[in-house]
Amino acid sequence: MFVAVIPPPEVVDHLDEFLEPRREHGAFRWAPADQLHVTLAFMDDVPDRSLDALVEGLERAAGRREPFAARVAGGGAFPDPSHAKVVYAGLDLTLDARSELDRLATGARAAAGRAGVAVGVEGFRPHLTLARTGRPQEVTRWVRLLDGYVGPTWTVDRVALVESHLGEGPRRRPRHEVVTVVTLGRGTG
C-alpha cells in the first residue's frame with residue numbers, strides 16, 4: 001500500500017498529451033497514465049488489523065494540513081541522468097506549498113508508524129514516476145525535454161490510500177485500487 005497525492009484527470013491528460021508522441025523514442029516501461037501519483041509513504045505490508053488505525057491516522061494528519069497549489073513541471077532521473085533507472089516528472093511548488101507537502105508526507109509516515117505498519121526508509125522526494133529503464137541508461141536528453149514541460153495548476157486538497165496488486169494489471173503490471181481518500185483542511189483532524 002502507499003499514501004499518495006493523485007493529480008486530477010485534466011492534469012494527467014495534459015502530461016500524457018505531452019509524452020504521447022515522444023514515448024516511441026524511449027526504450028522504457030512507461031507508467032500507465034491512470035497510475036501517476038506522488039508517493040508520500042510506502043508500506044510494504046499492511047495487516048488487516050492495522051487498516052482502521054492507519055486510515056484514522058491519515059485523516060488526522062490530512063486534517064492538520066491546508067490545501068495548496070501544485071503543478072507538474074520539469075523532471076529528472078533516479079539515481080541520476082547518466083545511470084537512470086527511473087525517469088520522473090517534478091512538481092512546481094511555492095515554499096509554503098512544499099512545506100505543506102513535506103508535512104503531509106511526514107504525517108502519513110507517522111500515521112503508519114502509530115498503526116504499527118512499517119514504512120519504507122527512503123527519503124521523501126516529491127515526483128511522479130513516468131518510466132522505468134530496466135537497466136541503467138543515459139537519459140539526459142529526456143530530463144532536458146521534461147525541463148521544458150509545465151502543466152496546469154491544481155489544488156492538492158486530498159490524499160489517497162492505495163493498494164497495489166502486483167502482477168494483476170495489464171502486461172502483468174501492478175493494478176492500483178484506491179482504498180480511501182482523506183481530505184486536507186483544518187478542523188477535520
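Given the criteria in a helix (DSSP H, G or I), surrounded by fewer than 21 Cβ atoms within 10 Å (Cβ to Cβ) and under 16 Å from the mean Cα position of the chain (by Cα), does R103 qualify? Steps first, please.
Numbers: in a helix (DSSP H, G or I): yes; surrounded by fewer than 21 Cβ atoms within 10 Å (Cβ to Cβ): yes; under 16 Å from the mean Cα position of the chain (by Cα): yes.
Here the answer is yes, as R103 does meet what is asked.
All of V162, V156 fail the test of being in contact with an Asp or Glu (Cβ under 9 Å, 6 or more places away or on another chain), among the β-branched types (V, I, T) and closer than 18 Å to A31 by Cα, apart from V162.
Of all residue pairs spaced 6 or more apart or on separate chains, those with beta-carbon atoms under 8 Å, a first member in region 120-149 that is among the acidic types (D, E) and a second member that is in a helix (DSSP H, G or I) are E138/P81; E138/S82; E138/H83.
Could you list all residues from region 71-96 that are exposed (fewer than 15 other Cβ atoms within 10 Å of the Cβ) and within 14 Å of R125 (Cβ to Cβ)?
Of the residues in region 71-96, the ones exposed (fewer than 15 other Cβ atoms within 10 Å of the Cβ) are 79-80, 82-83, 94-96.
Result: P79, D80.
T106 falls short of the stated requirement of being polar (S, T, N, Q) and under 30 Å from R23 (Cβ atoms). If I filter region 124-168 down to residues being more than 29 Å from D48 (Cβ to Cβ) and assigned to a loop (DSSP other than H, G, I, E, B), which single residue comes out as modelled with the lowest pLDDT? Step by step, filter region 124-168, then rank; the result is R125. Considering region 94-123, the residues that are more than 22 Å from L36 (Cβ to Cβ) and β-branched (V, I, T) include one that is modelled with the highest pLDDT, namely T106.
The values are calculated or read from the model by the stated rules, or taken from the named source; none is laboratory data. Computed from a predicted structure; not experimentally measured. Glycine gets a Cβ as well: all are built from the backbone with ideal geometry, and neighbour counts include every protein chain shown.
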